[in-house]
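To keep things clear, I will list the structure first and then write my remarks on it.
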Amino acid sequence: MKIKTMLKQKALFPYLLKGRYGIEREAQRVTLSGDFAGTDHPASLGNRSFHPYIQTDFAENQLELITPVADSVDELFRYLSAIHDVAYRSMAPEEMLWPLSMPPALPKEESAIVIAKLDQFEDVLYRRYLAKTYGKRKQMVSGIHFNFEFADSFIQRLYEESEQGIDYQGFKTELYLKVTRNYLHYRWFLTYFFGATPVSEANYFTDDQRPSEPVRSIRNSRYGYTNHPDVTVSYASLQDYLGDIAHLVETGKLSEEKEFYAPVRLRGGRRVADLAEAGIRYIEMRNIDIDPYAEYGISKEQVAFLHFFLLFLSTKEEGTDLDDWVKTGDRLNDEVALEHPLAQTAYLQEANDLVDELHRFAAELQLPEVPYLAQLADMLADPAMTFAGKLFQASQAENQAAVAKDLGLAYHHAAWARPYQLAGFRGLELSTQILMFDAIQKGIKVEVLDESDQFLRLQVGDHVEYVKNANMTSKDQYVVPLIMANKTVTKKVLADHGFHVPSGAEFATTADAIDYYPHIAKSGFVVKPKTTNYGLGISIFKEGASLADYQEAVAIAFAEDQSILVESFLAGTEYRFFVIDGRVDAILLRIPANVVGNGRQTIEELVNEKNLDPLRGSHHRSPLEWIQLGNLEQLMLKEQGYTIASIPAEGQIVYLRENSNISTGGDSIDVTDDFNEDYKAIAAAAVEALGAAICGIDLIIPDKTKPADSEGAYGIIEANFNPAMHMHVYPYSGAGQRLTMSVLRLLFPEVFVSSK
């Protein structure tokens, strides 16, 4: 195939760097001191028999993190970073991921390396066979498996430009075979730049069969994990590849197909044999060492370069003897892998020639800037710039284990810095981020359908659920949110069922609302929009208000909605009851936005200082919201005799809002365990009356020690169809209530039956 000529067709230019990607990253769990952990797989990570994101590899101590297939490098790393966040925060806080391919110092006794405790006995038997055949220690090496597929649109157009006398599937298979053979021939080039296993730690090698360390890549050399020398497979054709593997199994040189361990694995179905019918769909590169300086073991830049390199390899002419072409690559790679990490390679001229070819290739195809391409010549001139060289040099001051520990700690601290957020998806509302975290943790597949609308698709097997805003689900009928969005209808439904609600009136015009003033002038009242959420546009006057202040409150409410409500003020403390599936899972006391004076700073300065709290942010991306100093806040200050320039006395609490919504800067305090069951029963019954499966319902309670059925014990002021959950999960004070897990338990009860 004259691929290079075809690639120069301008019609192909938009598709050259289109692809599909997946990453599997293996990693050992270690203590924060860098010692082999030896603990069981984290119980919080769900059942390994179906978990799509986090598995164990050979040993119980070894995680395998798996991304879904992504259509872009950015999407790939969103999931890779999110899965890492979940892995880190699901392990014991005193554990972290080891950032190297070579394992940490291993136990002296091999029996202390525990084989993964899997449900399927045949999986355990297979690992026992590997341990007996190759030894447990060799299995403890970790790496990156990079799954790559040229975009179908690219291959389709390439096929249309070709003059091959084969069908599309055959063309695609031949393309991947050529790329694979060239990858195996030229992988020494990648080993030079990206090899990153210069030395081993204690008890990895226990006999004389070891390299003269340091080297570029123990893992990619003959001293890494390889099949026995008599296991050879041809890549000359798909038929030869499949035939050789089948023969090796038949003759007992391999126990089964998956034992064949090669730098590249051809993929087309669940089993190797499926390739015969399906053809090659993508290739899995298994020779990539973990980059210790990349937070997730590999960088976006390296992935982008690998895509470019594979595209380049599709154009390279091969030797006449295809099997010898691959064997030559094996020999070259082993030689380069065993070179000193600070030595120039014996194949410097060949490497420089390849770099020149890569530059010409990129220029001819008018490709945008390719990561690493501009650095390759310098890395050849100075091996200290390569991954292995950089790691080895850093290890000279102490040792490699100390460098790895420091890097691991940095990544551990980054994952725990904002434990309420999910890396890769921090642009989503916080409740959605937390729900995604929990779904990934429990092995529920997650797809973001519409990021701006917080719309997710969740799946376990054939069971699919759609979720909006983390708590709007199929469990609620369409009319239920409409009822709760309309505060007038909500009050009427609740009143009809015998629940206590505030009296009041609804207005569609400013004039009618102003005319109502004499009815409420000398009593406490609340002015609020009819249908909005998050406490927007609400003004509360506990002891009446002047006409001017009332007019301003009416204007603020009408700014949020076409109709407003003016209701009697209910004295007492406001509590948010979170009801799901007929039970109360959380109760929150919300303190209105406030600052505490110190006798020196103005209210504006105190607000700015309180807003520096890392728990505070905006647009529901943090557990608490920034306190504002808008019209409502300044109106509240005026009622107390303050302005934003006032300096409150030491210890003086100044409230900036009457309403206690967290979305308007309030503080959240969990009081779930402080309530008796009678108030919880009232809240659950009220939500049932509204027909809701999930609801945040707000009760005003003057004295929670009094029975709920006593006169004036409570009043229901609002029901929320989209109640924020993050404030319950990460309250300002008190125990967090993992409501996002409650939602998943409601949607996927089968997931919570067992977690192993």
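The values are calculated or read from the model by the stated rules, or taken from the named source; none is laboratory data. A quick note: this is a predicted structure, and the numbers were derived from the prediction, not measured. All Cβ positions, even for glycine, are placed from backbone atoms using ideal geometry, and neighbour counts span all protein chains on display. Note: accessible area is taken over every heavy atom of the protein model, side chains too, but ligands, DNA and RNA are not part of it. Shrake-Rupley method; radii C 1.70, N 1.55, O 1.52, S 1.80 Å.
Quick look at the numbers
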| read-out | value |
| --- | --- |
| The lone exception for Pro99 - which of (1) at pLDDT 95 or above; (2) outside any loop (DSSP other than H, G, I, E, B) it fails | (2) |
| Identity of the residue in region 54-70, part of a loop (DSSP other than H, G, I, E, B) and not aliphatic (A, V, I, L, M), that ends up farthest from Ala112 (Cα to Cα) | Pro68 |
| Asp709 farther than 22 Å from Met472 by Cβ and among the charged types (D, E, K, R) | yes |
| Among residues of region 69-121, those that are out of contact with any helix residue (DSSP H, G or I) (no Cβ under 9 Å at 6 or more places or on another chain) and among the charged types (D, E, K, R), counted | 7 |
| Test: residue in region 37-49 that is in the same structural domain as Val403 (by TED's automatic domain parsing), assigned to a strand (DSSP E or B) and touching a residue at least 40 places away in the same chain (Cβ under 8 Å) | no |
| Single residue of Asn720, Asn676 found to be at negative phi and in contact with a strand residue (DSSP E or B) (Cβ under 8 Å, 6 or more places away or on another chain) | Asn720 |
| Residue match in region 214-224 (condition: more than 39 Å from the chain's Cα centre (by Cα) and in a loop (DSSP other than H, G, I, E, B)) | no |
| Region 719-743: number of residues that are surrounded by fewer than 24 Cβ atoms within 10 Å (Cβ to Cβ) and within 16 Å of Ala692 (Cα to Cα) | 4 |
| Any hit, region 587-598, residues being touching a His at 6+ places or on another chain (Cβ under 8 Å) and either closer than 30 Å to Gly691 by Cα or open to solvent by 60 Å² or more (accessible area, probe 1.4 Å) (or both) | yes |
| Options Lys132, Lys178; residue that is more than 27 Å from Lys300 (Cβ to Cβ), open to solvent by 10 Å² or more (accessible area, probe 1.4 Å) and part of a helix (DSSP H, G or I) | Lys132 |
| Flag if Gln239 is outside any loop (DSSP other than H, G, I, E, B) and either over 30 Å from Tyr372 (Cβ atoms) or without any contact (Cβ under 8 Å) to a residue 12 or more places away in the chain (or both) | yes |
| Qualifying residue in region 346-361 (condition: farther than 21 Å from Leu184 by Cβ and in contact (Cβ under 8 Å) with a residue 40 or more places away in the chain) | no |
| Options Val460, Val464: the member that is open to solvent by 40 Å² or more (accessible area, probe 1.4 Å), touching a Lys or Arg at 6+ places or on another chain (Cβ under 8 Å) and over 26 Å from Gly617 (Cβ atoms) | Val464 |
| Of all residues making up region 263-274, the number that are surrounded by fewer than 20 Cβ atoms within 10 Å (Cβ to Cβ) and outside any strand (DSSP E or B) | 5 |
| Scope region 156-166; condition within 40 Å of the chain's Cα centre (by Cα) and without any contact (Cβ under 8 Å) to a residue 24 or more places away in the chain; matching residues | Gln156, Tyr159, Glu160 |
| Long-range neighbours under 7 Å by Cβ, at least six apart or interchain, first residue assigned by TED's automatic domain parsing to the domain that holds Gly427 and without any contact (Cβ under 8 Å) to a residue 60 or more places away in the chain within region 448-476, second of a type in the set (Ser, Thr, Tyr) and part of a loop (DSSP other than H, G, I, E, B) | Tyr466/Ser474 |
| Odd one out for Pro623 among (1) under 27 Å from Pro529 (Cβ atoms); (2) open to solvent by 10 Å² or more (accessible area, probe 1.4 Å); (3) in contact with a Leu (Cβ under 9 Å, 6 or more places away or on another chain) | (2) |
| One residue from Ala59, Ala92 being under 23 Å from Gln441 (Cβ atoms), small (Gly, Ala, Ser) and open to solvent by less than 20 Å² (accessible area, probe 1.4 Å) | Ala59 |
| Condition broken by Ser142, with the remaining ones in (1) under 20 Å from Asp274 (Cβ atoms); (2) open to solvent by less than 20 Å² (accessible area, probe 1.4 Å); (3) not in a helix (DSSP H, G or I) satisfied | (1) |
| Flag for Thr490 being at pLDDT 90 or above, in contact with a helix residue (DSSP H, G or I) (Cβ under 7 Å, 6 or more places away or on another chain) and surrounded by fewer than 18 Cβ atoms within 10 Å (Cβ to Cβ) | no |
| Selection within region 659-676 - outside any strand (DSSP E or B) and either open to solvent by 40 Å² or more (accessible area, probe 1.4 Å) or out of contact with any Pro (no Cβ under 9 Å at 6 or more places or on another chain) (or both) | Ser663, Val671, Thr672, Asp673, Asp674, Phe675, Asn676 |
| Considering residues of region 18-37 that are open to solvent by 70 Å² or more (accessible area, probe 1.4 Å) and out of contact with any Asp or Glu (no Cβ under 6 Å at 6 or more places or on another chain) only, the residue farthest from Ala92 (Cα to Cα) | Lys18 |
| Qualifying positions in region 321-346 - under 15 Å from Ser234 (Cβ atoms) and open to solvent by 20 Å² or more (accessible area, probe 1.4 Å) | Asp321, Leu322, Asp323, Asp324, Trp325, Lys327, Thr328, Asp330 |
| Hits in region 382-401 - residues which are in contact (Cβ under 8 Å) with a residue 24 or more places away in the chain and either over 16 Å from Glu201 (Cα atoms) or open to solvent by 20 Å² or more (accessible area, probe 1.4 Å) (or both) | Pro383, Ala384, Thr386, Phe387, Gly389, Lys390, Phe392, Gln393, Ala401 |
| Subset of region 182-203 (residues that are open to solvent by 10 Å² or more (accessible area, probe 1.4 Å) and either farther than 17 Å from Leu373 by Cα or basic (Lys, Arg) (or both)) | His185, Arg187, Val199, Ser200, Glu201, Ala202, Asn203 |
| Helices (runs of 4 or more DSSP H) enclosed by region 310-429 - at least 2 residues per element that are modelled with pLDDT of 95 or more and closer than 30 Å to Leu615 by Cα | 400-417 |
| Looking only at region 680-715, and only at residues there that are hydroxyl-bearing (Ser, Thr, Tyr) and surrounded by fewer than 23 Cβ atoms within 10 Å (Cβ to Cβ), the one that is nearest to the chain's Cα centre (by Cα) | Thr705 |
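Okay, residues lined up against (1) in the same structural domain as Gly319 (by TED's automatic domain parsing); (2) more than 26 Å from Gly319 (Cα to Cα):
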site: Ala112; (1), (2): yes, yes
site: Phe148; (1), (2): yes, no
site: Asp152; (1), (2): yes, yes
site: Tyr168; (1), (2): yes, no
site: Val179; (1), (2): no, no
site: Gly195; (1), (2): yes, no
site: Pro211; (1), (2): yes, yes
